[in-house]
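Engineer: First, the structure itself, so that you have it in front of you.
The values are calculated or read from the model by the stated rules, or taken from the named source; none is laboratory data. Just so it is clear, the model here is predicted, and its values are computed rather than measured. Neighbour counts run over all protein chains shown; Cβ positions are idealised from the backbone, glycine included. The protein model used for the area step is the full one, side chains on, heavy atoms only, and it has no ligands, DNA or RNA in it. Shrake-Rupley method; radii C 1.70, N 1.55, O 1.52, S 1.80 Å.
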Amino acid sequence: MANTSPLKKTMKTKSLIIILALAFSSLFFVYNYSLFFQTWFIKLAPIPEAKPIGLSINQLNDLKEISLSYNSLNNDDKTSVKLQKLNRGWQWQTDLVIDRADNQLIAKILASFHNIEIIDSFSLRELQAKNTQASQAEILNLYGINAQSIELKLQLNENHILQQFILGADSPWIGDIAPNSNIKTFYIWSPIKQKIYLMRAPSVDFLKQGPTILRDKSPFFFKNDELLKIEFSSSKENWKLEKNVSAWQARKPYICDIDPLAINQLINDISKLKITDFHPSLVNTNYASLNTSDFYTLTLTYQVNQQQQLESLTLIPVKDPNNNTSHWLAKHSQRSGYFQIKSIGSSDEPGILNLSFNLADLRSKRLLQIPAEEIQSINMIYPNGFKQVLSQPRPNNWQLTIPYSNEETLIEKPHENKLEPFLKGLLDNLTLNIVSEQEEQNLADYGLAKPSLTLEIQTKKTLYTLNIGQIQAAQDNSNAPRAHYAKWNHLNTIFKISEETYYDLVAPPYHWRSSKIWNFSPLSVKGIIREKQGGQAIILNYQSFQNVWTAQINGNDLTTHLIQNDANKLLNNLNNLTCFSWLPRQHQESRNALKNPSIKIDIILQDDEDPKREQFLTLWLAPTQPNQYYFFYGKVIGRGKPSFIIKGESVKNLIMPLFENSFDNEQLKEL
């Protein structure tokens, strides 16, 4: 009987171990390959047409609650978030905290639910039947459904669940069309139907950032048209702003108008503030570096459903080792915990120090902060009691009403050279500075006790009164410069304004008269007589209905040489003649110049009441300076109107040649 050597026994033992190891490895490979092949086949095998199963718009509108469970398959580490729809948006709630939800992210979730499609589905029972060695958890894990997954539940109410599923992993893109960056294919697990679905929908990957991602990152929640008041206090600033109709005013520490661009920028920046982190308390927030004297308080008041609502934010600067403000902690009057907000940010996401809390930067630098279209009328009251009214019956259609005689008034268009600078001075020009905000002021120190002009400005809802005055710097020196001021009756503010703005606003009444020097109908014209100094008078007779002109000089008929179109142009230029500026009635320089006019023009008109009678409009013109023809003095004789200044270009159009070139000036002189 043969004996087995120890060596042979050892070799047999080792061989048996190797064989068993190979067998176990083969079984493990087959098992894992089966699971891998199942996953690979699901992802890459031909699939049927995608089937839309998204919620309808009506279902989304009726949706009342969304529940999310983080670590949904791990009861020991499960975090639940409930989203509930309220009147003004969604509410975010956990077991410990109730807060506003981020409505924009909720909208993205709803968009995903609305556009979701089924590409394929796999029964968990069938997958387990093919992979008998694998547990349910192992199979689900292959599709990214595990203890870290997120469960979503959509409910109309507590007893009516529309959809419930657990998010799985992304899959390679399924379909013929290249994917949009926001559209993904992914797996979900339905515990109710015990199925895994391959879906296509807008991505909700942002949910993976954690439960707080759905908390509202905006410290305040408001619509611009609801905002009524803004209050701010710090160690250096303490003010209160209120919206009055459509404009903003400071009510504290003094009353003043607010620049619409500046307040809109502040409101826009407040709406862009973002919370970068949430803290349940001040623990671990470096609160030891806080100094209460550095606190800011920002309070907003809104009008919602005819009720005022208030939100307040206490802002606490947090210092770094170099004593610079690294960030701010914020305590909201109605929200839980503390917020962390940037100190300095960008235009898209500003920090606290990017906001303009300086009242001097917010207040208006203009006299009046309303659109010109809102003005209905402006009473201009002069020191002597004279009053004329500038009104706007329709937008951009201004008219001037002035006293004429006894109780009669004259209505005409205001002079365009005066209207534009006046509105610019009132609405656009910046004031130089603010010289006083005191309640008790000596208005005489600013020339406002007896103002140069008082403007009563009537809008659709409000009457504003503005007094404008000037004062000489040195009373005993007539050549000393003058300072110019303006003050509204409803404000304590006294503005210093530029000399240019002063004279744009405070113009003599005659400057406002219509630029048209006369009004007549071309159909009533019977003739024109034009005479230049040192020349012969040209007499033009006109038959308006036939539109035919005849011409005479010294009794000689020159009609055959007259250019009919040029005679028509002359009539048109006379009918549309405007002045550059009116002059005061006692203007001596114009009187002297017009004693010897260089041009005389008579327009012969048919009397409206008696066709046999004739009326004359007589215009005299003379250059403002000898041998200078850029500007002329002018006056309509015998009509009671003052003299005026007219541009040389307009005069040139009145003395253009009327006869053919073949009829030269030498022949004209001989007549």
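Engineer: Within the group Leu400, Leu426, which residue is in a strand (DSSP E or B) and either in contact with a Phe, Trp or Tyr (Cβ under 7 Å, 6 or more places away or on another chain) or open to solvent by less than 50 Å² (accessible area, probe 1.4 Å) (or both)? Outline the logic, then answer.
Structural biologist: Values: Leu426 fails: in a strand (DSSP E or B).
On inspection, the qualifying residue turns out to be Leu400.
Engineer: Filtering region 500-524 down to residues that are touching a Ser or Thr at 6+ places or on another chain (Cβ under 6 Å) and not in a helix (DSSP H, G or I), which residue is modelled with the highest pLDDT?
Structural biologist: Val506
Engineer: Anything in region 352-385 that is in contact (Cβ under 8 Å) with a residue 12 or more places away in the chain, open to solvent by 10 Å² or more (accessible area, probe 1.4 Å), part of a loop (DSSP other than H, G, I, E, B) and within 14 Å of Thr454 (Cβ to Cβ)? List them, or say none.
Structural biologist: Scanning region 352-385 gives Tyr382, Pro383.
Engineer: Please verify whether region 98-106 includes one or more residues that are closer than 19 Å to Lys217 by Cβ, part of a strand (DSSP E or B), under 41 Å from the mean Cα position of the chain (by Cα) and of a type in the set (Asp, Glu). Can you show your working first?
Structural biologist: Initial filter on region 98-106 (closer than 19 Å to Lys217 by Cβ): 98-106.
Narrowing the set further to residues that are part of a strand (DSSP E or B) leaves 98-101.
Within this subset, residues satisfying the condition of being under 41 Å from the mean Cα position of the chain (by Cα) are 98-101.
Then keep just the ones that are of a type in the set (Asp, Glu); that gives 99.
Scanning region 98-106 turns up at least one residue that is closer than 19 Å to Lys217 by Cβ, part of a strand (DSSP E or B), under 41 Å from the mean Cα position of the chain (by Cα) and of a type in the set (Asp, Glu).
Engineer: Tell me which residues, restricted to region 528-537, are within 17 Å of Leu605 (Cα to Cα) and either more than 57 Å from the chain's Cα centre (by Cα) or not in a strand (DSSP E or B) (or both). Give the steps one after another, and end with the answer.
Structural biologist: So in region 528-537, the residues within 17 Å of Leu605 (Cα to Cα) come out as 528-530.
Selection gives Ile529 alone.
Engineer: Test of understanding: among Ile192, Ile166, Ile161, which residue is hydrophobic (A, V, I, L, M, F, W, C), open to solvent by 50 Å² or more (accessible area, probe 1.4 Å) and assigned to a strand (DSSP E or B)?
Structural biologist: Working: Ile192 fails: assigned to a strand (DSSP E or B); Ile166 fails: open to solvent by 50 Å² or more (accessible area, probe 1.4 Å).
Answer to the check: Ile161.
Engineer: Looking for whichever is part of a strand (DSSP E or B), on the phi < 0 side of the Ramachandran plot and touching an Asp or Glu at 6+ places or on another chain (Cβ under 9 Å) here; the options are Thr560, Thr550. Which one fits?
Structural biologist: Thr550
Engineer: If you check Lys130, Lys82, which single one turns out to be within 23 Å of Ile192 (Cβ to Cβ), open to solvent by 50 Å² or more (accessible area, probe 1.4 Å) and under 51 Å from the mean Cα position of the chain (by Cα)?
Structural biologist: Matching residue, one of Lys130, Lys82: Lys82.
Engineer: Among the residues of region 570-593, what is the count of those that are assigned to a helix (DSSP H, G or I) and either open to solvent by less than 20 Å² (accessible area, probe 1.4 Å) or among the acidic types (Asp, Glu) (or both)?
Structural biologist: Within region 570-593, residues that are assigned to a helix (DSSP H, G or I) and either open to solvent by less than 20 Å² (accessible area, probe 1.4 Å) or among the acidic types (Asp, Glu) (or both) number 5.
Engineer: Is one or more of the residues making up region 603-621 modelled with pLDDT of 95 or more, of a type in the set (A, V, I, L, M) and in contact with a Leu (Cβ under 6 Å, 6 or more places away or on another chain)?
Structural biologist: yes
Engineer: What pairs can you find where one residue is in region 108-125 and over 26 Å from Trp90 (Cα atoms) and touching a residue at least 24 places away in the same chain (Cβ under 8 Å), the other is in a helix (DSSP H, G or I) and among the hydrophobic types (A, V, I, L, M, F, W, C), and their Cβ atoms are less than 8 Å apart, with a gap of 6+ or different chains?
Structural biologist: If the second residue must be in a helix (DSSP H, G or I) and among the hydrophobic types (A, V, I, L, M, F, W, C), the pairs left are Asp120/Ile42; Phe122/Ile42; Leu124/Ile139; Leu124/Leu140.
Residues checked against (1) under 21 Å from Glu437 (Cβ atoms); (2) modelled with pLDDT under 95; (3) not aliphatic (A, V, I, L, M):
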{"position": "Glu226", "(1), (2), (3)": "no, yes, yes"}
{"position": "Asn244", "(1), (2), (3)": "yes, yes, yes"}
{"position": "Ala247", "(1), (2), (3)": "yes, yes, no"}
{"position": "Ala250", "(1), (2), (3)": "yes, yes, no"}
{"position": "Asn284", "(1), (2), (3)": "no, yes, yes"}
{"position": "Ser326", "(1), (2), (3)": "no, yes, yes"}
